[in-house]
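J.: Quick one: the structure is below, questions incoming.
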Amino acid sequence: MSSPRDRISETGEKQSSHNDSNVKKVVAIMSGKGGVGKSSITSLFALKLSRHGCKVGIIDADITGPSIPKIFGVNKRIETSGGKMLPAVTSGGVKIVSMNLLLEQEDDPILWKGPKAGGAVKQFWKDVDWGELDYLLIDLPPGTSDVPLSVLKSLPVDGIIVITSPQDLALMVVKKAVKMASRSGIPILGLVENMSYIKCPHCQEEYDIFGPSHAKESAAVIGVPLLGVVPIDTELTRLSDQGKVEEYWGEVDLRMNLFFALCDNSC
Ligand code: ADP
């Protein structure tokens with residue numbers, strides 16, 4: 001099977017990288033609906049990768065609800081050099097590009113839809129000097145609208161991770177997301193179920209406050225590996241709200257071996 005990068009050269013449809021950057025692998029994080037913790041899990045993947053010694057960047061493609069800069073406590077406007085945008089860099093060294101970092105005021109609303117939003121994300125790929133990266137994560141907008149589809153079609157994405165939560169009653173939403181992914185011909189690396197349970201800090205009992213987990217069932221039905229079942233952790237909420245996610249050291253059960261394998265375990 002040809003890789004996404006081969007498909008770029010075969011079809012000429014996808015954006016290729018530019019000479020300034022050397023990005024080894026691009027992984028998109030998607031969800032069927034908003035609020036399941038897609039940006040939080042993207043951030044946790046970035047943390048795990050960067051603590052492992054990998055060079056990591058994030059494109060916050062959730063144009064109308066960008067939260068990655070807030071989670072990482074980054075608010076410095078993006079600068080340009082030689083006609084290219086320079087990503088903001090977090091205290092832990094993660095490079096970030098987000099619409100929020102281009103606005104005059106970070107709480108200015110963005111009312112763009114469809115092609116305009118998709119076009120902005122393409123620029124985040126080709127007009128940014130990403131330098132050397134092992135992994136570039138793309139936090140896609142939720143759902144299966146035009147924007148995530150156009151991002152998957154036009155950027156050289158090597159794999160997709162689907163985030164879900166036990167609130168996604170039935171498998172319909174996940175299935176829709178998976179259909180969209182398969183239409184773009186990009187492999188799904190796996191599924192993560194977020195907010196699966198909460199552990200009582202006193203008795204350590206686990207409570208399924210959003211209902212029983214569908215993680216194993218969902219992964220089996222769509223035929224992809226289950227990469228993690230992540231509990232609700234109020235420490236994660238607190239640090240993310242304060243822009244200090246890089247201070248989070250909670251043990252999160254996210255299987256990283258597929259990620260590392262993408263780069264031949266080279267970082
Ligand atoms: P999405 O990107 O899917 O819209 P977010 O990642 O922004 O969702 O998460 C929505 C809210 O839920 C945020 O306040 C975030 O801090 C919180 N949250 C997400 N996952 C967890 C978790 N596992 N434990 C605690 N809080 C979480």
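The values are calculated or read from the model by the stated rules, or taken from the named source; none is laboratory data. Here the structure is a predicted model, which means the values were calculated and not measured. Positions of Cβ are backbone-derived with ideal geometry, glycine not excepted, and every protein chain shown enters the neighbour counts.
J.: When you go through GLU217, GLU235 one by one, which is the residue that is in a helix (DSSP H, G or I), within 16 Å of the ligand (Cβ to nearest atom) and surrounded by fewer than 20 Cβ atoms within 10 Å (Cβ to Cβ)? Lay out the reasoning, then the answer.
T.: Details: GLU217 fails: within 16 Å of the ligand (Cβ to nearest atom).
GLU235 is the lone residue from the list that is in a helix (DSSP H, G or I), within 16 Å of the ligand (Cβ to nearest atom) and surrounded by fewer than 20 Cβ atoms within 10 Å (Cβ to Cβ).
J.: Which one of these is surrounded by 13 or more Cβ atoms within 10 Å (Cβ to Cβ), within 12 Å of the ligand (Cβ to nearest atom) and part of a loop (DSSP other than H, G, I, E, B): VAL230, VAL224, VAL192, VAL252? Can you show your working first?
T.: On the way: VAL230 fails: part of a loop (DSSP other than H, G, I, E, B); VAL224 fails: within 12 Å of the ligand (Cβ to nearest atom); VAL192 fails: part of a loop (DSSP other than H, G, I, E, B).
VAL252 is the lone residue from the list that is surrounded by 13 or more Cβ atoms within 10 Å (Cβ to Cβ), within 12 Å of the ligand (Cβ to nearest atom) and part of a loop (DSSP other than H, G, I, E, B).
J.: Further, regarding this structure: Check whether at least one residue in the range 10-32 is assigned to a helix (DSSP H, G or I) and modelled with pLDDT under 85, and report yes or no. Please lay out each step first, then the result.
T.: Of the range 10-32, the ones assigned to a helix (DSSP H, G or I) are 10-11.
Imposing the further condition that a residue be modelled with pLDDT under 85 reduces the set to 10-11.
Scanning the range 10-32 turns up at least one residue that is assigned to a helix (DSSP H, G or I) and modelled with pLDDT under 85.
J.: Something else: Here are the criteria: (1) more than 16 Å from the ligand (Cβ to nearest atom); (2) within 20 Å of SER39 (Cβ to Cβ); (3) at pLDDT 85 or above; (4) not in a loop (DSSP other than H, G, I, E, B). Tell me which single one ALA181 does not satisfy.
T.: Evaluating ALA181 over (1) more than 16 Å from the ligand (Cβ to nearest atom); (2) within 20 Å of SER39 (Cβ to Cβ); (3) at pLDDT 85 or above; (4) not in a loop (DSSP other than H, G, I, E, B) leaves (3) as the failure.
J.: Further question on the same structure: Can you name the number of the only condition in (1) at pLDDT 85 or above; (2) farther than 18 Å from LYS33 by Cα that GLY190 fails?
T.: Answer for GLY190: the failing condition is (2).
J.: Among all residue pairs at least 6 apart or on different chains, which show Cβ distances below 9 Å where the first residue, located in the range 248-267, is hydroxyl-bearing (Ser, Thr, Tyr) and the second is in a loop (DSSP other than H, G, I, E, B)?
T.: TYR248/ASP233; SER266/CYS54
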